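Every read-out reported here was derived from the displayed coordinates using simple, explicitly stated rules and does not represent laboratory data. Just so we're clear, the structure is a prediction, and the values are computed from it rather than from any experiment. Because the Cβ atoms are built from the backbone with ideal geometry, glycine has one as well, and the counts that use them run over all protein chains shown.
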Amino acid sequence: MASSSFSFFQILSATTTLLLLLEAHQASSCFSAIFSFGDSLQDTGNAAHMFVNSALSNPPYGTTYFHKATGAKTFVVPGNLPIGCIPAWLGQYRSDKPSDYDRNGCLIWMNNFSEYHNSHLQTELDRLKGQFPSVTIAYADYLNSGIRMFSNQAQFGITVPFTACCGGNGYPCNATGPVCPNPLNHASWEGFHPTEATYHAISDGIIRGPYAIPFLSQKC
């Protein structure tokens, strides 16, 4: 039961990458509709029903919640990001040991934790593929696509990889908080979530390679 619950949660909370990919690369596709089951990275209304009496329970949150099964037969389930490169965690778990960091400046042990999580997620997805052979389930390698970006920052226009664009220096990221002049050269929006530039780099990795999902680039 625990295994089934884990996999169901992963699919429902996953950020579907199709919309990002088609918008970022303006590719035509064979999909007539796209349904996104959002989380904190991409809200689609579910959060308003999960966090009652909070900021997330007010409009526009909740306006796109489906309220019923979508009947989707093709899923893209992303793995975890390289969390060892997230500014908030780099600050919280700062280390004086150079050996704790990789050549990009990310915490090795935290990225290893992401890899551990993703390996278990892929095991669950393989089990679901066997259980539901008529459903297409693809794994999106956010971890290695993200590491690829941090290893080639200039290629993707990233010059500020580990400083948040919004907020920082004691200020929150809200309607009155400071925002950097150029979000496109930042990897992190407010210390936790990626910027558009990071999403573009990750989408490039999973639609063009080297971690491509074949049917995402299929054209009709």
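A Förster distance of 35 Å, applied to the separation of the beta-carbon atoms of residue 97 and residue 129, puts the FRET efficiency at 0.30.
Relative contact order, percent, of region 81-220 when contacts are C-alpha pairs under 8 Å separated by at least 6 residues? Relative contact order comes out at 22 percent. Residues whose amide H falls under 5 Å from that of residue 75, counting only those 5 or more places apart or on a different chain, are 136, 137, 138, with hydrogens built in the peptide plane. Summarising the overall dimensions of region 57-216 from its C-alpha atoms, the Rg and Dmax are 17.8, 51 angstrom.
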